[in-house]
Amino acid sequence: MSQRHARRKADHIRINLEEDVSFPHLTTGLEHYRLMHQALPEVDLDQVQTDTELWGKRLRAPLLISSMTGGTAEAERINLHLAEAAEAAGVAMGLGSQRVALEDPSRARTFQVRRVAPHILLFANLGAVQLNLGYSVDHCQRAVEMVEADALILHLNPLQEALQAHGDVHWAGLARKIEAVCRALPVPVVVKEVGWGISPQTARLLADAGVAAIDVAGAGGTSWARVEYHRAQDPALRRLAQEFGDWGIPTAESLVAVREALPHVPLFASGGLRTGIDVAKSIALGAAMAGMAGPFLKAANESAQAVYDEIQAVVRGLRTAMFLSGAAHLAALREPGRLVRVGAPPSP
């Protein structure tokens, strides 16, 4: 079982690095928003503050290296590059799904990055559906302890599972089991999609279950349907994956809808974010943190320095966008008038 999972991990890295796995037509929706330019910003660029705090951890920018990988030697190299850069830059990091390491403890090392990143806000990660397939609070606790994480991400990926030959498609009653984990685990539990967005209905279910934060992880970045299309050997599954290539809720649309439904639950924005301006828009739309994966994966395949340089480029873009918007700190980005809608609004 774990060998198959390890092969899947290796496939995912290879396909994301080598193939076009963007959505054919769907975008993040962030292009429908513009930060209002202030020709007289009344703030010095070097005084702009991008720092924030979450669950007792101070971050130099509201940036999360989103969950990507683990389980293979190549994944270990990538994770260490990501973590080393996150430590140097003062940003958060999520690990890939640790199921493979729970089933084969010899693979745990590929996720263990504290040796190069002792201070970062670090997220452990498991697929939520595993709670319907024998996993328990104990498995979640073991995942957290395995990597000395500050919080646990439970990811939701029903479409990805539906497109896999041996996918886990038993999702009924899962909200109650997520609630049990939230109540029992001593660290915060975050629930995220993997790239098709969170609806207001799902967000309310998660809030009722007691999650500490929700990552909307919307459509418009990496299409995991396209990834599974490249993995599939079965022509019927390839056809199905192609059919669902543009499925999902665009990131901006999901973020706005969930923010309106749950004004007080911390939200992370991810899914197709590429620049500091995207981060600034996401914060202005109500996110506490913005996550990116694709740009950092490509950099991590090269070196920790390349990841660090990419982080610095994103943060510089964020600071410049804040400066030009007259926002001296992150909270100021959310003030009325900073962000305006332009062009066609996201689809209802």
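Values in this text are rule-based calculations from the coordinates and carry no lab data. Just so we're clear, the structure is a prediction, and the values are computed from it rather than from any experiment. A quick note on method: Cβ atoms are made from the backbone with ideal geometry, for glycine too, and the neighbour counts reach across all protein chains shown.
Side notes on the structure shown:
- Based on Cα contacts under 8 Å between residues 6+ apart, the chain shows a relative contact order of 24 percent.
- Entries in 192/298; 57/298; 57/177 that, when Cα-Cα distance is taken, lie over 24 Å: 57/298; 57/177
- Note: relative contact order over the range 130-273, using C-alpha pairs below 8 Å and six or more positions apart, is 25 percent.
- Candidates 331, 86, 108: whichever shows maximal mean-square fluctuation once the chain is modelled as a Gaussian network with Cα springs under 10 Å: 331
- Here the residues 110, 320, 251, ranked from fewest to most Cβ neighbours within 10 Å of their Cβ, fall in the order 320, 110, 251.
- Candidates 289, 146, 322, ranked by Gaussian network fluctuation over the chain, Cα under 10 Å, top entry: 146
- Debye intensity ratio in log₁₀ form over the Cα atoms of the range 35-132, taken at each q of 0.14, 0.23 Å⁻¹: -0.61, -1.14
- Helix axis angle, 2-18 relative to the chain longest principal axis, alpha carbon, degrees: 40
- Along each principal axis, Cα extent of the chain, largest first, Å: 60, 43, 41
- Ratio of Rg to Rh for the range 169-319: 1.01 [Cα atoms; Kirkwood radius as inverse mean 1/r over pairs].
- Dividing the summed helix terms, -39500 (n - 2.57) for each DSSP H run of n ≥ 4, by the number of residues in the chain produces a 222 nm estimate of -12500 deg cm²/dmol to the nearest 500.
- Magnitude of the charge dipole for the range 218-304, about its Cα centre and with charges confined to Cβ atoms of Lys, Arg (+1) and Asp, Glu (-1), is about 140 debye.
- Computed about its Cα centre, the charge dipole of the chain is approximately 300 debye, with only Lys, Arg, Asp and Glu carrying charge at their Cβ.
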